[in-house]
Amino acid sequence: MTRHATPPLLPMQWSSAYISYWSPMHEDDELTSGFCWFDYARNICRIDGLFNPWSERETGHRLWMSEIGDVRHGLSRKQKVAYASQATLAGVTLRETALEDELTPFHALFLPQTILRDGEARHDGRHTVLGQLADAWVLKRPLKAPALFYLQAGSNRLLRMVTGDDPHHRSVRDFPNFAAGDIADSIFIPAAPDLY
């Protein structure tokens, strides 16, 4: 077990599509997806996708959001679009409504590069995740269920993250095409940069 004494750091720059779901899935739970980019050198990240959890039953729509979180400027910029189902004679169509952009304070990346080391994660064996052999890392959190991170065996490439406060209803995010490497500057330029 010596080779697993110190948890790895996530790559300096990485990106991936993600699938977000619940375990177990309840009747109102949604399966959503999106794409994320993390650049720890610039202390910035971006996540685009359908928001999960989000209750379409309560709000009347699904919510797509693009969020750029920039620690250097201390700001998060969110662009949002609401998608509502509308019954027509031809069937159900989607009606989209662009919502107002939001600027809010932002002081830390959603997923720090050092999360496993800072949380003193312990190695919990090898498992098969997304058809690949993966090292499981368990991160204990006070008053919350432990978080689980599955990294491609012997590497720092994230395949799955399991979080959530309720140990009987966990939030799962799979990263099926994780790529470590340079991220173009243009990824972190908002569509309406004048809002910064």
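The numbers here are math on the coordinates, done by the rules we state, and not lab data. What you are looking at is a predicted structure, and each value in this text was computed from that prediction instead of being measured. As a convention, Cβ positions derive from the backbone with ideal geometry for all residues, glycine included, and neighbour counts pool all protein chains shown.
Worth a mention:
- As a proxy for reagent exposure, ranking TYR40, TYR18, TYR83 by other Cβ atoms within 10 Å from fewest up yields TYR83, TYR40, TYR18.
- In the chain, the calculated helix contribution to ellipticity at 222 nm averages -500 deg cm²/dmol per residue, counting -39,500 (n - 2.57) for every DSSP H run with n ≥ 4.
- Angstrom value of the Kirkwood radius, inverse mean 1/r, which spans all Cα pairs in segment 101-196: 15.6
- Relative contact order of the chain, pairs being alpha-carbon contacts under 8 Å that are 6 or more residues apart, as %: 23
- Length added when fully stretched, GLU56-HIS73, from 0.36 nm per residue minus Cα-Cα: 2.8 nm
- By the beta-carbon count within 10 Å of each Cβ, the least crowded to most crowded order of PHE51, PHE110, PHE178, PHE149, fewest first, is PHE110, PHE51, PHE178, PHE149.
- Just checking the listed ones, GLU56, GLU120, GLU27: in the Gaussian network model of the chain with Cα springs under 10 Å, the one fluctuating most is GLU27.
- From the coordinates shown, percent of Cα pairs over 32 Å apart corresponds to which of (1) 14; (2) 21; (3) 33: (2)
- Applying 0.36 nm per residue to the separation of THR128 and SER155 and subtracting their alpha-carbon distance, the gain on full extension is 8.3 nm.
- When the chain is treated as a Gaussian network with alpha carbon springs shorter than 10 Å, the biggest mean-square fluctuation among GLN113, GLN86, GLN13 belongs to GLN86.
- Modelled label positions at HIS26 and ALA145, each set 7 Å beyond Cα in the direction of Cβ, lie 1.1 nm from each other.
- When the chain is treated as a Gaussian network with alpha carbon springs shorter than 10 Å, the biggest mean-square fluctuation among GLY164, GLY69, GLY49 belongs to GLY164.
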